[in-house]
Amino acid sequence: MKQPAAAPTQDDNPGGADQGGRPPRRAVRPKDAASLILWKDGPRGIEILMGRRHHNLRFMPGVLVFPGGRVDHDDHRAQPISALSAETRRLLEISGTPARARALAYCALRELHEEAGLVVGRMEGETLRPDFAPLSYLTRAITPADRPMRFHARFLIAEARHATGEIRGSGELEEIRFFALTELHAQPVAKITAMILEEFEAWLATPAAERVHRQFIRIQGRDSRLPEKTPGSRAKSPGRGV
C-alpha cells in the first residue's frame, strides 16, 4: 500500500493527464490506468467522490480528480470475491485482454482505498479482496501523443452504497469528499475530467435498462470523442459536442 506523503512529486492520476509540459522528443507509450466514479443520490442531488490535486504539485495544483491511478504489476494478482458483470468485462476487453480487464478493475478499487480509505469488497489484513460486481463501464481516454505523461485510462462507475469505511486522505489528494454535480461547474477541473463528467451525466440520464445499448465512446487526441466498435454495435457518430 502506498504511504502518505505531504507533498507528492510523482503524479499517476489519469485525471491530470492533460497537464501539458514540455513535449517529449519521442512518442511516449500510454500507461494503463483506471479511475472510479463513486456516486450517490444525496441531499444535494447526485454527488460524486472527488479529491483535489495537492497544491504542491507542479502541474494543475488544486484541480479536482476522481480516485485513480496507473495499473501496478500486483494488480494482476487480485483475488476478487465476485466477478465482473458480463457487460463490464466485455467493454474493458475492447482495449485489453481478460487478465488486463481484471487488473484495471482492481486498480480502480485499490486506488479508491488508498486515496480515499473506502473499500468496495473487504479487507483481509492488508489485502483488498475486491467486489467487482457493482462496477459499470463508462468510457476510456487516451492522452494526446505530444504529452510527456500519457495514460490509457478506463473510467468505471459504482454506487456509493457498495463502499464501506470512512473517507480519509492519504496525502496524494486533498479535500476528498462527495461533491454535488451542481457545484462542480464552479470548481477547477481538467478538460478531460469535464468531458468524463459529461459522459457520466449522459449515463445517468439514460434509463438503466438501456445503458448497455448506448453508443460507447473513447476520448482520444485533442478533445476527440470517437465511437467504440463494440460487438454488435453500429459505431454511430457521437451526438454530443465537446
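Selection over the stretch 121-151 of residues that are modelled with pLDDT of 95 or more and in contact with a Pro (Cβ under 6 Å, 6 or more places away or on another chain) gives a count of 3. Scanning the stretch 83-97 for residues that are over 18 Å from Glu228 (Cα atoms) and open to solvent by 30 Å² or more (accessible area, probe 1.4 Å) yields Ala83, Ser85. Looking only at residues that are within 15 Å of the chain's Cα centre (by Cα) and not aliphatic (A, V, I, L, M) in the stretch 55-71, which one is surrounded by the fewest Cβ atoms within 10 Å (Cβ to Cβ)? My answer is Arg70. Cβ separations smaller than 6 Å between residues 6+ apart or across chains give no pair from the stretch 71-93 residues that are touching a residue at least 24 places away in the same chain (Cβ under 8 Å) and closer than 22 Å to Pro14 by Cα to residues that are basic (Lys, Arg) and open to solvent by 60 Å² or more (accessible area, probe 1.4 Å). May I ask you to verify whether Leu104 is in contact with a strand residue (DSSP E or B) (Cβ under 7 Å, 6 or more places away or on another chain) and buried (at least 20 other Cβ atoms within 10 Å of the Cβ)? For Leu104, the condition - in contact with a strand residue (DSSP E or B) (Cβ under 7 Å, 6 or more places away or on another chain) and buried (at least 20 other Cβ atoms within 10 Å of the Cβ) - is met.
The values are calculated or read from the model by the stated rules, or taken from the named source; none is laboratory data. None of these values were measured; they are calculated from a predicted model. Cβ atoms come from the backbone with ideal geometry, glycine included; neighbour counts cover every protein chain shown. Ligands, DNA and RNA are stripped out before the accessible areas are found, and what is left, the full protein with its side chains, is counted by its heavy atoms. Shrake-Rupley method; radii C 1.70, N 1.55, O 1.52, S 1.80 Å.
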